[in-house]
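The values are calculated or read from the model by the stated rules, or taken from the named source; none is laboratory data. These numbers were taken from a predicted model, which means no experiment stands behind them. Neighbour counts are summed over all protein chains in view; Cβ atoms, including those assigned to glycine, are modelled from backbone coordinates with ideal geometry. Quick note on the areas: whole protein, heavy atoms, side chains included, nothing else; ligands and nucleic acids left out. Shrake-Rupley method; radii C 1.70, N 1.55, O 1.52, S 1.80 Å.
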Amino acid sequence: MRGTATNALAATRPSAGRRRSLRLWLPYLCLVPAVIASCGVLLYPTLRMFQYSFLNWSFGKSYETAEWDGLANYQWLITSQSSTLFHSLRLTLVYAGTSIVCELVLGLAIAVLLNRRHVFGRQVVLTGFMIPTLLMPVMVGMMWRMYMYPNGMLSYFLGLVGLRIDWYTATWAMPAVILIEIWQFTPFFVISLFAGLRAISAEILEAAAIDGASGWYRFWHISMPYLRPIIVVTSMIRVLWILKSFDIVYTMFTGGPGSATEILGISIYRALFLSRNIGRSAALSVILAALTLLVTFAFVRFAYRSREVMESSSP
Amino acid sequence: MNEQSHPAGARRKWRRGLDPLVGSLVVWIIFLLFLAPYLYLIVWSFKHPGDIQAYPPRFFSPLTLLNYRQVFEDVNISFYLRNSTIVATATTLLSVLLAIPAAYSFARFRFWGQDWLAYLLIAIMVAPLIALVYPFLVMANQLGLNDTHLGLIFFYLPWNVPFAVWMLRTFISDVPQELEESARVDGCTLLGAFGRITMPLLLPGFFTTGIFIFIGAWNEFVIAFFLTSTKARTLPTTIDFFLTYGSFQFAPMFAAGVVGTLPIAVCALLVRRYYLAGTTAGALKG
Amino acid sequence: MLYARNWMIACFSLVLVVALAGCVPAAPSVPAEAPIDTSQYDDRYSDELLTWAAEIRDAYGGTTLNMLGFAHPTLNAMKAITAEWEDLTGVTVVYDETDLAKVRDKFVLDITSGANSYDLVMTAEVQAPEYWNLGYLEPLDAWLNDEMEVATEAWLDWDDLHPGYTMMFTSVQDGSRYAVPISGEVALLFYRTDIFDELGLTVPATYDEMLETAKFINDQGIVEDGRTVHGISFRGRPALGGGNWIWSIIVFPFGGQIVDLDDQVTPAVLARKEGAVAAIAWETEIAKHGVPGIASFDPFDAINQYKQGFAAMSIEASVLSPGVLNPDESIVTDLTGFAPLPAGPNGSFNQTFAHGVAMTASSGNKGAAYAFMQWMLGRANQDLLLENGGAPVRRSAMEDPANQEKWPYIEATLLGLDQAAAAYANRYFATPQVEWVLEYLNVWSVNVSRAIAEEISAEEAVENIQSGMDEILAQK
């Protein structure tokens, strides 16, 4: 970010008061379509969700039957013996954390490998890498469900190298869904990070190479600062998706075996459709939303900090 | 990455010769590992239902078009393909269109509350979809949007516009502002400078953003499942047809999976020179 | 003007894509109004039935029925013969389809949000009580009792439908009938005849024997073509029709109970705790000799392991038998025996489960919808449905020797239905007909699954089930 447009405008166009007030409002006016399309549609349902979390209301009954229940739903979630809130929270963090860290590390490694000077068929590889992310999540769940059967493709190939993993047991259920997540979404990181690596101008890297910087040094001190905003934004988008996602876990295990994969998304689903408790499911949703808000906020703060770092470090 | 300028010893030279080979090999091995489940899906979608689950796998059993015939004739998947195409295309176009001004504003202007407004666009999406389905349905009924393409597009936009804003914002700030400023000095209006100078450089950005939005809209399940019944049902909801009570119909399901992915895979292939070009450095130099 | 060209290309290709999409044939086509030619149906329908069809055509011809169903062999069979119905009566049936677990979520949301999209809905026995207690379904009594509507016994004949199935859709509270069964099942024991012969085993007559048999087979470590054959496979997923299923059947043979036998609502697992605990403990124990991962199997997975030769036995639903006999899905078509469930310490009891079609209270086409049910359940169509992969629900069809000959599982199914009748005589019902039936089932399935996965003990599971159900009831 080099200087601002408003400054440039002021320099080139001395103007009347109306123009100045337009300039003042222009940035906000530009936001209107996007804000209407997103907040305009989502604000009302989100507020309703918040309101539902204070109600005692059975799924399937009309809204008129709902009763105000104060904080009872939250209280139940936190104190009740049968509440799975903390168990789910822990599993959600394990699930999301492990998946995203693995995806990021793998994605970065593959992007760097792809960005080397001579990679045979780079375009083909890059396009091909899109494919796992293209698949419908429902389809992904179903196909891996079959691949992980004792007679499935994965079990067969693992068997060839002498491994026998019973994916459907309590020990392996969580690793199984994490593996699927990694398979499906690492390419998302690969593509974004590769685009980021490409955008780093060759001159800078050349200059560093002439100065005698090692490859590792160049990567860590020159490429990384450039990549950081992309890493942050990509990870943030992924966090936003994965915290709320439940398709794959639902299709594969429905939270089982026992409660081994009961992430928050599954708890919300269960509370709404099986326990028929709209209030409790809304309260869980609010908790999940708060968690997501917290995590994304941390990411955004980090993004801004890294942007400032970048700006101050660039000459 | 320019290795020719390295001070080069003999060992280094030898390594340089081998490097691309090893690098390519590693990339391709990883790539094939990632692709294997999908390749398996494609090949197995051409197998006779009786061979699909055979153990050990029958790699060379005869292929058949039976599953595809079933998917197109019994399930009439072209109807759902059509719905998906309409909804995903419109969602993509509208999202990008609506996002451009906001992305430009975030990238080019400095104004009070900028960071918070950008964050607001993310923050509005934190509610889990399942919790919103009921209000969505009530809204759709009141607006007469239930089971229509327009309804799906309407409810897809809020998830995709913020994404597009965030993506395009990065791409716009990658385009050097000096280019635009010099155009303005030459007498262009703000809009003209953006349209003539920045827009063409943004094509990769549009395609990258667009393709991710398209994928998202094409694959969305929960909204499509609850907001449509017979007229606007999209492709992902058809997978249910094969979860027959009593047995999964893997054979036609695989065929449907391939039918559902190939169009986007082909699209991605066609526009790849745009979205993978993701750099303005070339424009600067050339 | 480089950018202008690029944009033109982009816009052009988009227009092309949309245009191409538009060319693809639109919605499932509505058959054109054609003059009826009944001659082709003369051999299947009597004159009386054809007259009835003509009357229906006059009254409702041209209307469209929306039916929400779940992917099911019988639904596929129904779809296969629906063209004939449309031809006969001029009433179009449009199917909307999803799977068993999601159909209820979709239906309830459709009704509560006021969309009211459907005239007919396919329902499982565990879903129907919720629907009717919430007033979503039209009671069928007025229609069934109207002699004018029932043309003949060859058409819909409630008394010929197997009572084990019809009672699942008959309210225990007031006797109203809410759905007609189109498919039904009992739990059966599937076993590998070849392995049993080779090892000199007999079909287990008690649950203890079954446990021993499973352990014995599993300990043999049989490997066929690289597949390890385990003792048993059954379902234990923490989802509806998962962990709750077998437990709710075997809890009675083991001497336990779930709800109070008199009012069929009040949770009373702890009243006969030993039986309930023994049933879960048995499941946990036998799962150790089964295919690994039983706690995450749903019916598909469970029967699939059996069909693919990874298990020597399976306790599964009779309605899955056609799949076991289908060479496209199964490698044990000729090697499978069917037996009713064994006896527990308390005797031998089974449960029936039924899938039916119901009319929604909000439907605007009730006359046409009922006529469709009548036609579909006709005796002649029973054989046609069976032929297309459906399940028999009329007693006359099940007792037909020709059908028994052709479908070997029907005999064991009838035995299972007898066991169920014995259970119902003792008021052993595994489906409480209350609005919150799914909440109960959820509690069962989660806790049974957790016990099988060895997260908690059988005792804890039973206590959790009681307290969970108590909590649900206290809220009502």
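Compute, for segment B:70-282, the length of the dipole vector about the Cα centre, with Cβ point charges of +1 (Lys, Arg) and -1 (Asp, Glu) only. Units Debye, rounded to 20.
Details: 10 positive and 11 negative charges, 34 e Å.
About 160 debye.
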Margin query: Please list, short to long, the whole-number percent of alpha-carbon pairs of segment C:242-385 in consecutive 10 angstrom bins beginning at zero.
Written below: 9, 28, 28, 23, 11, 0
Next item on the list: Please compute the net charge surrounding C:Trp132, taking Lys and Arg as +1 and Asp and Glu as -1 over other residues with Cβ under 11 Å from its Cβ.
Entry: -3
Checklist line | At 0.692 mPa s and 37 °C, Stokes D of segment C:329-476 from Kirkwood alpha-carbon radius, µm² per second | finding: 171
Checklist line | Size of segment C:196-310 as Cα extents on the principal axes (Å, biggest first) | finding: 52, 28, 17
Notebook entry, point to check: Per residue and in cubic angstrom, what volume does the convex hull of the Cα atoms of segment A:72-313 have?
Noted result: 150
Next item on the list: Tell me, rounded to the nearest percent, the portion of alpha carbon pairs in the protein assembly as shown spaced more than 42 Å apart.
Entry: 43
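If you roll a 1.4 angstrom probe over the protein chains with everything in place, what fraction of the accessible area of segment A:72-313 belongs to carbon and sulfur, to the nearest %? Kindly include the intermediate steps, with their values, before the conclusion.
On the way: 5780 of 8500 Å².
Reported share for carbon and sulfur atoms: 68 percent.
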Next item on the list: With a bin width of 10 angstrom, please list the P(r) values of segment C:245-290 as percents of all Cα-Cα pairs, from the 0 bin to the one holding the largest distance.
Entry: 31, 50, 16, 3
Checklist line | Accessible surface of segment A:14-68 [probe 1.4 Å, protein heavy atoms]: carbon and sulfur percent | finding: 67
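Arrange the peptides C:443-454, C:317-328 so that the one whose residues have, on average, the most other Cβ atoms within 10 Å appears first. Display every interim value, and only then the final one.
On the way: C:443-454: 27.9, C:317-328: 21.0.
Peptide ranking by packing, descending: C:443-454, C:317-328.
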Check: Using a cut-off of 19 Å between alpha-carbon atoms, which aspartates and glutamates can reach B:Lys47, once sequence neighbours fewer than 8 places away in the same chain are excluded?
Finding: B:Glu73, B:Asp74, C:Asp328, C:Glu329
Checklist line | Within-14-Å neighbourhood charge of C:Gly275 [Cβ basis; K, R +1; D, E -1] | finding: -1
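What longest region of chain B stays clear of chymotrypsin sites (Phe, Trp or Tyr not before Pro) that DSSP places outside H, G, I, E and B and that have at most 14 other Cβ atoms within 10 Å?
On the way: sites that count: B:Phe59, B:Phe60, B:Trp112.
Longest gap between qualifying sites, sites excluded: B:113-286.
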Item checked: 12 Å beta-carbon shell around C:Met210, net charge (K/R +1, D/E -1) -> -4
Note to self: I'd like the orientation of helix C:2-23 relative to chain C: the angle between its Cα long axis and the longest Cα principal axis, in ° from 0 to 90, rounded to 10.
What the structure shows: 80
Margin query: When only alpha-carbon atoms are used, what values of Rg and Dmax, in angstrom, describe segment B:13-66?
Written below: 17.5, 55
Check: About its Cα centre, what dipole magnitude does the protein assembly as shown give when the only charges are +1 on Lys and Arg Cβ and -1 on Asp and Glu Cβ, stated in debye to the nearest 20?
Finding: 7940
Checklist line | Separation between Cα centres of segment C:397-476 and segment B:55-128, rounded to whole Å | finding: 41
Notebook entry, point to check: Over all Cα pairs of chain C, how is the pair count split among 20 Å bins, expressed in % and running from 0 up to the last occupied bin?
Noted result: 23, 51, 23, 4, 0
Next item on the list: Quick one: plug the Kirkwood hydrodynamic radius of chain B (C-alpha pairs) into Stokes-Einstein at 20 °C, 1.002 mPa s, and report D in µm²/s.
Entry: 94
Checklist line | Cα long-axis angle, helix C:437-452 against chain C (0 to 90 degrees, to the nearest 10) | finding: 40
Notebook entry, point to check: Can you give the calculated 222 nm mean residue ellipticity of chain C, where each DSSP H run of n ≥ 4 adds -39,500 (n - 2.57) and the sum is split over every residue, rounded to the nearest 500 deg cm²/dmol?
Noted result: -14000 deg cm²/dmol
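For segment C:100-172, state the semi-axes of the equivalent ellipsoid (square roots of 5 times the eigenvalues of the alpha-carbon gyration tensor), sorted largest first and rounded to whole angstrom. Can you show the working numbers first?
Numbers: eigenvalues 130, 45, 24 Å².
Sorted largest first and rounded, they come to 26, 15, 11 Å.
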Item checked: For segment A:52-83, residues shielded by at least 30 square angstrom of accessible area compared with the chain on its own, probe 1.4 Å -> A:Tyr52, A:Phe59, A:Gly60, A:Lys61
Notebook entry, point to check: What angle do you read, to the nearest 10 degrees and between 0 and 90, between the alpha-carbon axis of helix C:47-60 and the longest principal axis of chain C?
Noted result: 70
Next item on the list: Could you work out, residue by residue across A:122-128, how many beta carbons of other chains sit within 10 Å of that residue's beta carbon, and then give the average as an integer?
Entry: 6
Margin query: Report the per residue volume, in Å³, of the convex hull enclosing the C-alpha atoms of segment A:14-68.
Written below: 114
Item checked: Amide H within-cut-off set for C:Asp96, under 5 Å, with H built and near neighbours excluded -> C:Met67, C:Leu68, C:Gly69
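How well do other chains shield peptide C:339-349, expressed as the mean number of their Cβ atoms within 10 Å of each residue Cβ? Present the calculation step by step, with values, prior to reporting the outcome.
On the way: counts 0, 0, 0, 0, 0, 0, 0, 0, 0, 0, 0.
Partner Cβ neighbours, averaged per residue: 0.
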Item checked: Cα centroid of segment C:225-250 to Cα centroid of segment C:313-340, whole Å -> 14
Item checked: Distance violations [Cα-Cα > 22 Å] among A:Lys61/C:Lys102; C:Lys106/C:Lys307; A:Lys244/C:Lys106 -> C:Lys106/C:Lys307
